[in-house]
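Colleague: Encoded as structure tokens, here's the structure I'll be asking about.
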Amino acid sequence: MNIAENQQVSMTEWLSELRRRPLGEIPVARAVDVTRTVLRHRDDAEGGVEVARFGSVA
Amino acid sequence: MPTSGSPGTAWPISQYVLKVHSRCDLACDHCYVYEHADQSWRGRPMVMDARTVAAVAERIAEHAATHRLRRVSVVLHGGEPLLLGPDRMRQVLAVLRRRITPVSHLDLLMQSNGVRLSEPYCDLFAEYDVRVGISLDGDRAANDRHRRFANGASSHPQVLRGIGLLRTPAYRRLFAGILCTVDVRNDPIAVYEALRAVRPPRLDLLLPHATWANPPYRPAGRATPYADWLLAVHERWTADGRPMPIRLFDSLRSTAAGGHSGSEWVGLDPADLVVVETDGTWEQVDSLKTAYDGAAATGLSVFTHTVDEVSRLPEIALRQTGLAGLSAQCRTCPVVTQCGGGLFAHRYRESNGFDNPSAYCADLKELIVSLSARHDVEPPVTAPVDQDGTDLPDGLLDRIAAGRTDADAVRFLAESQLAITRAMLVEVADGTPVTERTGWEALVRLDREAPDAVEETLRHPYVRVWAVDARRQLGTDSAAAAQLSCVAAAAAVRAGANVELDVPMRAGVLHLPSLGAVTVPEPVTGAAVLTVEPGRWRLRHAAGTTLVSFDGDLHATAPQVTGGRWQANRRLAFAGTTILFEDLDPHRDCHDWKAAERPDASTLARWGEVLAGAWSSIEADLPHQAAAVRAGLRAVVPLVDDPTGTLRSSTARQAFASVGVALADASATAVMIAHEFQHSVLGALLDLCDLFAPSPAVRLTVGWRSDPRPVEGVLQGTYAHLTITEMWRQRASREAPGGPAHQRHEQFRTWTADAADALLGSGALTPAGNRFVRRLAAALTP
């Protein structure tokens with residue numbers, strides 16, 4: 001599937017296409033879309049990772 | 001649903017403003033410290049003395065240790081902090097770093113008017129890793145309106161000189177951004193253009209402090225002049241392609257999508273910030289000084305009261321309550337989740353305190369409604385995000401959710417991560433000036449001619465960490481993308497190819513990701529030229545030339561080096577093969593605990609024993625996941641030891657397949673690696689599939705933390721604890737009933753089950769998230 005021509009593909013299909021294409025042939029707009037999507041909630045998000053209280057219970 | 005902010009509870013405080021000097025060398029007539037209602041500065045010592053600094057550092061470190069805060073920010077503030085002078089400043093920084101850094105990752109920042117910024121100061125800030133924000137209100141006419149010396153002279157030339165220092169390559173990384181106070185009498189476009197011209201990494205546009213008792217200036221006949229002013233800036237900024245982040249606009253964009261505001265100015269994020277005055281008194285956020293004399297006072301002191309005691313104060317707790325802490329009018333407003341009632345101080349009215357909308361209510365509402373309309377016509381994020389799990393390979397979501405991640409699942413995630421890194425490189429390269437793309441051009445060529453070498457290099461976890469940082473700095477820091485040349489050079493070395501590249505050196509070190517680092521005799525910072533040929537490199541830099549030659553495999557032989565030294569990345573035995581022991585890459589220090597410096601030979605040998613033993617433990621205690629760990633884990637980053645001996649481990653969100661661990665025994669290290677690897681797996685899954693909807697106002701209580709946590713944090717913690725539960729179940733199966741492993745298994749099982757219940761009842765999970773957590777909960781009872 002060619003992501004440059006098909007707007008309806010899924011994220012995993014997009015990534016599969018990005019993986020196969022030579023770096024120099026990846027459309028910038030698609031790369032930007034993927035990056036923006038991946039970072040959609042996380043540019044300023046905090047609390048993503050929890051700390052296990054190993055010291056007291058593990 | 002539990003929420004944070006109940007009075008009487010001690011809440012973690014992660015941000016501290018230290019008033020290290022209570023006077024200022026400017027006499028800005030809009031300053032809330034000297035010109036507004038509160039006049040407490042008159043009775044304060046001029047300087048925070050060494051005894052007070054030590055007491056503050058002790059209180060912060062004690063609180064960070066108690067609440068296991070991974071990250072603490074300390075902002076040096078005033079008055080004008082540079083009035084301290086470099087010697088006193090060094091003493092302050094040394095005490096803060098020495099006491100807090102061993103306990104928590106310490107972000108040191110300073111907010112200054114920039115007038116006294118000098119090279120000695122910048123060298124000091126570089127040494128102590130202090131990021132500096134500068135206050136500037138725009139072009140000279142705008143800045144001169146308020147920001148003058150006491151004799152009326154302009155401060156504009158001195159401030160621009162200070163900013164110029166921060167823009168030089170040696171100090172660029174210290175530049176935190178510009179803080180501009182809006183005045184609607186200034187031309188918004190002239191202000192914007194002037195601020196853009198100095199290329200700040202971030203811009204803050206602040207509304208001038210005002211309350212219902214002391215309302216904002218409004219030109220006659222204009223209902224929302226501040227919204228109009230900001231919208232004019234937004235229009236130009238958007239037309240320019242958003243060359244730098246503007247926090248207010250980014251916050252509103254984020255909250256419009258249900259995300260965090262990351263700011264106390266808008267949104268419903270908790271405000272976990274306290275101030276320490278020069279005499280050591282604890283105060284609330286100092287913008288309250290605009291409301292009335294003594295408004296920020298707490299009556300508590302660093303010499304007599306802990307941070308926990310400060311955080312229990314009702315007025316501090318109120319700032320953690322989100323929607324519940326707002327006025328009745330705000331709570332029913334359609335834009336409340338974006339506005340959040342505005343800045344707390346701006347809600348003050350003499351008759352009823354802070355139980356009001358903001359004095360800027362009309363402006364904020366107009367701004368939010370207008371921006372929402374603009375966002376509606378902007379191109380949306382076009383990559384579809386799976387909320388049902390249907391785009392994933394069959395059974396993948398269920399296997400991962402149940403803690404049965406296998407090698408194939410990890411490989412699928414790793415391939416997705418590699419594709420994402422490639423996308424990020426394309427974006428970074430596209431934002432790089434054409435004249436500075438030699439690294440990118442080499443990488444593109446190598447990707448065609450030696451794709452395996454490029455792939456292996458891009459799989460290095462900290463390439464993506466760099467790319468995310470570089471992406472944020474595009475348009476403001478032309479050096480941000482220079483690391484692309486280092487990535488290309490590393491790929492060329494792997495491929496045995498010929499390239500010549502302009503490469504960045506920092507403090508005499510050139511780092512080649514995944515391979516190692518060249519150190520030259522002088523602490524050179526700036527551009528150098530690297531010529532890579534099969535079996536040899538030549539690095540021409542400001543202090544001379546360094547030659548590295550090796551026979552065949554770089555890792556198999558010690559290279560011959562003249563004019564410098566080579567430090568190779570080292571690998572340690574793990575999982576029947578070897579794993580990268582990453583103690584060189586500068587981007588590895590993105591974990592919430594500080595990365596350790598390169599250990600000596602005996603410590604490295606100890607690490608080797610520990611990792612080998614940890615793998616044996618993982619094989620024994622997680623038999624169904626060991627293959628996934630073997631297939632997926634690429635790097636271990638040693639972290640600085642906890643001074644109290646508490647175990648310490650970390651996962652960095654952008655560094656897939658790498659875990660940070662402080663040195664411990666093999667059994668504990670196995671638990672930490674398994675725990676962190678779960679975070680890495682779930683993080684990669686979340687890149688592909690939404691398991692929850694962003695809900696900043698939702699906080700859930702979990703057994704393993706005292707403070708209510710956001711949904712993603714709870715999901716990550718629950719998932720990691722699923723594996724820890726399984727490890728203790730396996731360990732318990734080998735010991736007599738009632739032993740410590742049984743107790744720990746029961747503890748983790750209960751915590752995990754309760755947290756899964758809280759997630760399922762939160763209303764924040766997507767269909768895929770609901771399925772994920774149900775599978776997770778079911779897996780707790782094998």
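The values are calculated or read from the model by the stated rules, or taken from the named source; none is laboratory data. From a predicted model like this one, the values you see are computed outputs, not experimental measurements. Don't worry about glycine lacking a Cβ; one is built from the backbone with ideal geometry, like all the others, and counts go over all protein chains shown. Accessible surface areas use protein heavy atoms only, side chains included; no ligands, DNA or RNA. Shrake-Rupley method; radii C 1.70, N 1.55, O 1.52, S 1.80 Å.
Colleague: What single numbered condition from (1) modelled with pLDDT under 90; (2) under 30 Å from residue B:776 (Cα atoms) fails to hold for residue B:395?
Modeller: If we test residue B:395 against (1) modelled with pLDDT under 90; (2) under 30 Å from residue B:776 (Cα atoms), just (1) comes out false.
Colleague: Something else: So which residues in region B:418-431 are more than 9 Å from every other protein chain (Cβ to nearest Cβ) and either touching an Asp or Glu at 6+ places or on another chain (Cβ under 7 Å) or open to solvent by 10 Å² or more (accessible area, probe 1.4 Å) (or both), if there are any at all?
Modeller: Answer for region B:418-431, where residues must be more than 9 Å from every other protein chain (Cβ to nearest Cβ) and either touching an Asp or Glu at 6+ places or on another chain (Cβ under 7 Å) or open to solvent by 10 Å² or more (accessible area, probe 1.4 Å) (or both): just B:431.
Colleague: I'd like the full set of residues that are more than 18 Å from residue B:339 (Cβ to Cβ) and either assigned to a loop (DSSP other than H, G, I, E, B) or among the charged types (D, E, K, R) (or both), limited to region B:225-236.
Modeller: Listed by number, the residues that qualify are B:235, B:236.
Colleague: So, one more: Looking at region B:680-687, is at least one residue within 23 Å of residue B:404 (Cβ to Cβ), β-branched (Val, Ile, Thr) and more than 9 Å from every other protein chain (Cβ to nearest Cβ)?
Modeller: Yes - at least one qualifying residue is present in region B:680-687.
Colleague: Could you tell me whether residue B:110 is under 26 Å from residue B:523 (Cα atoms), buried (at least 22 other Cβ atoms within 10 Å of the Cβ) and of a type in the set (A, V, I, L, M, F, W, C)?
Modeller: Against the criterion (under 26 Å from residue B:523 (Cα atoms), buried (at least 22 other Cβ atoms within 10 Å of the Cβ) and of a type in the set (A, V, I, L, M, F, W, C)), residue B:110 qualifies.
Colleague: Just a yes or no: is a residue in region B:233-253 within 14 Å of chain A (Cβ to nearest Cβ), farther than 21 Å from residue B:143 by Cβ and aliphatic (A, V, I, L, M)?
Modeller: Within region B:233-253, one or more residues are within 14 Å of chain A (Cβ to nearest Cβ), farther than 21 Å from residue B:143 by Cβ and aliphatic (A, V, I, L, M).
Colleague: A further question on this structure: List the pairs whose first member sits in region A:16-42 and is facing another protein chain (nearest Cβ under 7 Å), whose second member is open to solvent by 40 Å² or more (accessible area, probe 1.4 Å) and among the hydroxyl-bearing types (Ser, Thr, Tyr), and whose Cβ atoms are under 6 Å apart, counting only residues at least 6 apart or on separate chains?
Modeller: Short answer, once both residue conditions are applied: A:33/B:382.
Colleague: For the condition facing chain A (nearest Cβ under 9 Å), within 26 Å of residue B:628 (Cα to Cα) and open to solvent by 10 Å² or more (accessible area, probe 1.4 Å), what is the one hit in B:712, B:676?
Modeller: Going through B:712, B:676 in turn, just one is facing chain A (nearest Cβ under 9 Å), within 26 Å of residue B:628 (Cα to Cα) and open to solvent by 10 Å² or more (accessible area, probe 1.4 Å): B:712.
Colleague: For residue B:756, are the conditions met, namely being surrounded by 24 or more Cβ atoms within 10 Å (Cβ to Cβ) and over 24 Å from residue B:618 (Cα atoms)?
Modeller: Values: surrounded by 24 or more Cβ atoms within 10 Å (Cβ to Cβ): yes; over 24 Å from residue B:618 (Cα atoms): yes.
For residue B:756, the condition - surrounded by 24 or more Cβ atoms within 10 Å (Cβ to Cβ) and over 24 Å from residue B:618 (Cα atoms) - is met.
Colleague: Looking at region B:485-510, which of its residues are open to solvent by less than 10 Å² (accessible area, probe 1.4 Å) and either within 22 Å of residue B:471 (Cβ to Cβ) or in a helix (DSSP H, G or I) (or both)?
Modeller: Scanning region B:485-510 gives B:485, B:486, B:487, B:488, B:489, B:490, B:491, B:492, B:501, B:503.
Colleague: Quick one: which residue in B:23, B:71 is on the phi < 0 side of the Ramachandran plot, open to solvent by 40 Å² or more (accessible area, probe 1.4 Å), within 14 Å of chain A (Cβ to nearest Cβ) and basic (Lys, Arg)?
Modeller: B:71
Colleague: Within the group B:629, B:610, which residue is among the aliphatic types (A, V, I, L, M) and either within 14 Å of chain A (Cβ to nearest Cβ) or under 30 Å from residue B:394 (Cβ atoms) (or both)?
Modeller: So the residue among B:629, B:610 that is among the aliphatic types (A, V, I, L, M) and either within 14 Å of chain A (Cβ to nearest Cβ) or under 30 Å from residue B:394 (Cβ atoms) (or both) is B:629.
Colleague: Kindly indicate which of B:750, B:723 is over 22 Å from residue B:620 (Cβ atoms) and assigned to a helix (DSSP H, G or I).
Modeller: B:750
Colleague: Which residue out of B:459, B:411, B:445, B:437 is more than 9 Å from chain A (Cβ to nearest Cβ) and more than 14 Å from residue B:656 (Cα to Cα)?
Modeller: Sole residue among the options that is more than 9 Å from chain A (Cβ to nearest Cβ) and more than 14 Å from residue B:656 (Cα to Cα): B:437.
Colleague: Let me ask something else about it. Look at residue B:587 and say whether it is modelled with pLDDT under 95, part of a helix (DSSP H, G or I) and either of a type in the set (Val, Ile, Thr) or within 32 Å of the chain's Cα centre (by Cα) (or both).
Modeller: yes
Colleague: Among the residues of region B:80-90, is any at pLDDT below 90 and open to solvent by 10 Å² or more (accessible area, probe 1.4 Å)? Outline the logic, then answer.
Modeller: In the first step, residues of region B:80-90 are kept if they are at pLDDT below 90; the result is none.
Within region B:80-90, not a single residue is at pLDDT below 90 and open to solvent by 10 Å² or more (accessible area, probe 1.4 Å).
Colleague: Could you check how many residues of region B:155-164 are open to solvent by less than 20 Å² (accessible area, probe 1.4 Å) and either of a type in the set (S, T, N, Q) or outside the structural domain of residue B:190 (by TED's automatic domain parsing) (or both)?
Modeller: Total meeting the criteria: 1.
Colleague: Still on this structure, I have one more. Quick one: is residue B:51 surrounded by fewer than 16 Cβ atoms within 10 Å (Cβ to Cβ), modelled with pLDDT of 95 or more and within 28 Å of residue B:116 (Cβ to Cβ)?
Modeller: Yes: the conditions hold for residue B:51.
Colleague: Let me ask another. Which one of these is at pLDDT below 95, part of a helix (DSSP H, G or I) and within 24 Å of residue B:583 (Cα to Cα): B:428, B:454, B:468?
Modeller: Checking each option against the conditions leaves just B:468.
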